[in-house]
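Everything below concerns the one structure shown next.
Please treat every number below as a calculation from the coordinates, not as lab data. Being a predicted model, the structure only gives us computed values, none of them experimental. Because the Cβ atoms are built from the backbone with ideal geometry, glycine has one as well, and the counts that use them run over all protein chains shown.
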Protein chains: 2
Amino acid sequence: MSDSSTTQNAHPASLDAARLDGTDLALLAELERNGRLTNAALAERAGIAESTCTQRLRSLRERGVIRAFRADIDPAALGLSLQALITVRLGTHGREQVHGFERGVRTLPNVLTAFHVAGADDYLLHVAVPTAAALRELVLDHLTTQPHVRHVETQLVFEVIPGPGLVAAGQPA
Amino acid sequence: MSDSSTTQNAHPASLDAARLDGTDLALLAELERNGRLTNAALAERAGIAESTCTQRLRSLRERGVIRAFRADIDPAALGLSLQALITVRLGTHGREQVHGFERGVRTLPNVLTAFHVAGADDYLLHVAVPTAAALRELVLDHLTTQPHVRHVETQLVFEVIPGPGLVAAGQPA
DNA sequence: AATGAAAGGTAGGAGAT
DNA sequence: ATCTCCTACCTTTCATT
């Protein structure tokens, strides 16, 4: 196993629709379901030799098609049993403000993902917290205090429903 | 490698804050960054024997702390270079409507994740599509046509910003 | 719960097609 | 680009502490 930490971000600048053949798609589909499949098992399922599989995998990582392999961890098991979506509007929208806010978000604990969106709102933050009190603190101490934040709105998340997977949606039917 | 596909969902009903010691957290933190770390490397980083690491890992999966291992795939590489957040409001909110809608969402291609939220809106769908035309089709053919959908609003996603990771936020500082 | 040893499985490269 | 074969490494069970 090459074990290059997360996958060196040596992407060639984000390729659009890398040329992926059926074998690549099969590998991706398997690895999206089970990222810890052994190379041997993967090769067998795709009907190719193990060494070929190794090379294909390396190529997919180097091209940035596979960005990383991640353990999918239950937030509740870490004591983060409350999730919320927080809508954020900035007062000014220059490059500096945007970059500043994003830099902050990347290190804000409790933020799972942030979306920069078009429209009246600027950001949507998906967060996980232990308690309602922690959520309030997050909003009051780390968001409304940020220099260019003009408006914040919080929605409780009842449930997160996974979609059918990326590869299922790939390439036109 | 035990290779039980995704991780059999034999969770004990969703444990809240499973008892996780420092070693467990170290393992989770590593695996969140690199889910394909070998057991040997993981053991070394955590300062435990390889056989111990195997057991810890098995336990974490069996308890549902680790739900799965997934390849993180670049949507653009699959030709899905446009992302959006779609807000959905239902007309009626009985159990049947909610379950029906969720069942539909789970099989809707292009849906990466759906959030069931509290408030004026009922759902937020994170989708990835190849083109603006495909987005329009998704909304018109698969959402507004659903029986209990009353209102749909679409926001373009400029950028998805990853948070610092779940484990970073775990347990109070 | 954690460990070391040992058997069996796996990874990735060299060289040929 | 793919394959077969080979060696070094990895995984895991089990007896032991």
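Treating each Cα of the protein assembly as shown as an identical point scatterer and summing with the Debye formula, the log10 of I(q)/I(0) at q = 0.09 Å⁻¹ comes to -0.51. Counting only Cα atoms, the size of chain B along its three principal axes is 56, 37, 34 Å, in decreasing order.
Against the main long axis of the alpha-carbon atoms of chain B, helix B:22-33 sits at an angle near 50°. Average projection, convex hull of the Cα set of the range B:17-62: 3.0 square nanometres.
Under conditions of 20 °C and 1.002 mPa s, the range B:75-157 yields 167 µm² s⁻¹ as its translational diffusion coefficient, taking Rh as the Kirkwood radius over Cα pairs in the Stokes-Einstein equation.
Please compute, for peptide A:29-42, the average count of beta-carbon atoms on other protein chains lying within 10 Å of each residue's beta-carbon.
5
Each principal axis of the Cα cloud of the range A:18-94 was evaluated for its coordinate range; sorted largest first, these ranges are 54, 37, 17 Å.
Our coupling estimate for the range B:37-48, obtained by passing each phi through the Karplus curve with A = 6.51, B = -1.76, C = 1.60 and θ = phi - 60°, is 3, 6, 4, 4, 5, 4, 4, 4, 5, 8, x, 10 Hz, Gly and Pro reported as x.
Could you tally the net charge around A:GLU153, taking each other residue with its Cβ under 13 Å from the Cβ of A:GLU153, Lys/Arg +1 and Asp/Glu -1?
-1
Ignore the peptide's own chain and count Cβ atoms of other chains within 10 Å of each Cβ in A:105-118; give me the average, rounded. Walk me through the numbers on the way to the answer.
On the way: counts 4, 4, 3, 4, 9, 6, 7, 6, 6, 5, 11, 6, 9, 7.
The mean count of partner-chain Cβ atoms within 10 Å per residue comes to 6.
Dipole orientation for the range B:67-152: of the candidates B:PRO130, B:GLY94, B:LEU108, B:GLY94 has the Cα lying most toward the positive pole (charges on Cβ; Lys, Arg +1; Asp, Glu -1). Taking every C-alpha pair closer than 8 Å and separated by at least 6 residues, the mean separation divided by the residue count of chain A gives a relative contact order of 24 percent. For A:LEU112, the residues 5 or more places off, or on other chains, whose built amide H falls under 5 Å of its own are A:HIS126, A:VAL127, A:ALA128. Relative to the longest principal axis of the Cα atoms of chain A, helix A:95-107 runs at roughly 70 degrees. Neighbours of B:LEU143, meaning other residues whose beta-carbon lies under 15 angstrom from its beta-carbon, give a summed charge of -1 when Lys and Arg score +1 and Asp and Glu score -1. What the phi angles of the range A:155-168 give under the Karplus curve with 6.51, -1.76 and 1.60, with θ = phi - 60°, is a coupling list of 10, 6, 9, 7, 7, 10, 10, x, x, x, x, 5, 4, 4 Hz, glycine and proline written as x.
Taking neighbour counts of Cβ atoms within 10 Å as a proxy for exposure, in what order, fewest first, do A:ARG19, B:ARG67 appear?
A:ARG19, B:ARG67
Can you give the local net charge around A:GLN55? Use residues other than it whose beta-carbon is closer than 15 angstrom to its beta-carbon, Lys and Arg +1, Asp and Glu -1.
With Lys, Arg at +1 and Asp, Glu at -1, the net is 0.
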